[in-house]
1. Among the residues of region 162-178, is any at pLDDT 95 or above, within 28 Å of residue 95 (Cβ to Cβ), assigned by TED's automatic domain parsing to the domain that holds residue 130 and buried (at least 20 other Cβ atoms within 10 Å of the Cβ)?
2. As an exercise: evaluate residue 249 against (1) touching a helix residue (DSSP H, G or I) at 6+ places or on another chain (Cβ under 7 Å); (2) in contact (Cβ under 8 Å) with a residue 60 or more places away in the chain; (3) assigned to a loop (DSSP other than H, G, I, E, B) and give the number of the one condition it does not meet.
3. Filter region 66-88 for residues that are under 30 Å from residue 126 (Cα atoms) and surrounded by fewer than 20 Cβ atoms within 10 Å (Cβ to Cβ); which is nearest to the chain's Cα centre (by Cα)?
4. I need a count of the residues in region 93-118 that are over 19 Å from residue 239 (Cβ atoms) and surrounded by 18 or more Cβ atoms within 10 Å (Cβ to Cβ).
5. From the list 289, 301, 313, 276, which residue is surrounded by 20 or more Cβ atoms within 10 Å (Cβ to Cβ) and in the same structural domain as residue 397 (by TED's automatic domain parsing)?
6. Output the residue which, of all residues in region 257-282 that are closer than 22 Å to residue 199 by Cβ and of a type in the set (A, V, I, L, M), is nearest to the chain's Cα centre (by Cα).
7. Within region 210-219, which residues are in contact with a Leu (Cβ under 9 Å, 6 or more places away or on another chain) and surrounded by fewer than 24 Cβ atoms within 10 Å (Cβ to Cβ)?
8. Inspect all residues belonging to region 351-361 and state whether any of them is surrounded by 18 or more Cβ atoms within 10 Å (Cβ to Cβ), at pLDDT 95 or above and within 15 Å of residue 308 (Cβ to Cβ).
Amino acid sequence: MLVIAGALTARAALNTARTPQGASAWVVFLISFPLLALPAFALFGGFARLSGNRKEISATIPREPAKGRLDQLAGVVGRSPSDNNTTSLLIDGEATFEAIFNAIDEAEHEILVQFYIMRADDLGLKLQQRLIAAARRGVEVRVLCDLLGSLFLGVRYVRALEAENIQIRGIPGPHRALGRISVNFRNHRKAVVIDGKIGFTGGLNVGQEYIDGGKNFESWRDTHVRLTGPMAVQLREAFCADWFAVTGQKLGARTVEAAKGDVRGLIVSSGPTDMLERGSMLLCGLVNLAQKRLWIATPYLVPHTDLTTALQLAALRGVDVRILIPEPSDNFLAWYASRGTAATLTKAGIEVLEYAPGFMHSKVILIDDDLASVGTMNFDIRSALLNFEQTALIEDRTFATRVEEMLCADFDRSTPLADPARWHVRILAPVARLFGPLL
């Protein structure tokens, strides 16, 4: 019976796996070891229905005349870039949360908060106190966090918010045969939106380690961005879509005064419910846009085959491709998988550098002298195919210059990748790559 069940489930895996490699792995596992594979597939595989009211998002091709290079991605994103934005690059935790807390303290009508990880530590309590103070002066406050990422937030923290009429909801992940336990299809987005006119997104979560490195790292290197204008409105729209998916409640639009910025950009929200592989196509599209320079900072370098090929082609056509990864890592398997990928990329002339002072968690892409991406997307399979992500795409030379200066400072604190052919890397990297979708 187990063999029959395994064979039938293997047939389902062929239709539900996100990649051919994943489908092949599940088929072999289910047929060879059904006793282990069947419960594993129920937890991690395709017997899943994404929860709530979330619907597939199909990309539409805007028909507006192109104004810049970012417009080349309009068909992938489903909207054209907008003008009249302002942007501020926020480097590391102290600057980021100082800006977020100042905006919360000045909120008049509405505060929307969304993070993958929320902890009830020093930073989490500071956020809690400010949200409670805002609620007491009449501001509507709503909070979203991922149930897996914020698994240990604690009932006391939640009840303290609810006691002040603050609505907080955990994003549960997909329905599965064995419940909601799953590492796949998580909501990895991070956003704070104030009164519909000021927005924040980037790599930082709510945890003290994002300020000082915590117990495991000497420091924590990360990047966020502050936005006003249409991009802040787009951040709010993404939050409203997630809120509706979890609660079934529709949040009305907010009237926002005309923005006065001069930066062109847009927010891209991607996820596994997209009809097209929007996250994967976006990353590949950004790589293909590069003509002179492609600098990438990512904590996890585990791209799928298409993205690996795009990176190699960029280097072979003469683009200066540099990738910054952390030397100390928070994930043993990701460390080895990243080195295995690096060994492949360096053969095409790509320079891979290791950031040594602490853990490098930034998710930043710099393209030539005018395009930059700052958001939640790692250069890995999870961000491309499995997670709900978002990033701010910004076409502006001044902002790109700030990103360039930041990355140059990071490069100065880094060293070229140590020999990727080291014996333990040769042995363990291929094994770690097998777990790519789980990293």
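1. Yes; the residues of region 162-178 include at least one that is at pLDDT 95 or above, within 28 Å of residue 95 (Cβ to Cβ), assigned by TED's automatic domain parsing to the domain that holds residue 130 and buried (at least 20 other Cβ atoms within 10 Å of the Cβ).
2. (2)
3. 88
4. Residues in region 93-118 being over 19 Å from residue 239 (Cβ atoms) and surrounded by 18 or more Cβ atoms within 10 Å (Cβ to Cβ): 1 in total.
5. Answer to the check: 301.
6. Among them, the one singled out is 268.
7. Residue satisfying the conditions is 211 alone.
8. Yes: one or more hits.
The values are calculated or read from the model by the stated rules, or taken from the named source; none is laboratory data. Computed from a predicted structure; not experimentally measured. A quick note on method: Cβ atoms are made from the backbone with ideal geometry, for glycine too, and the neighbour counts reach across all protein chains shown.
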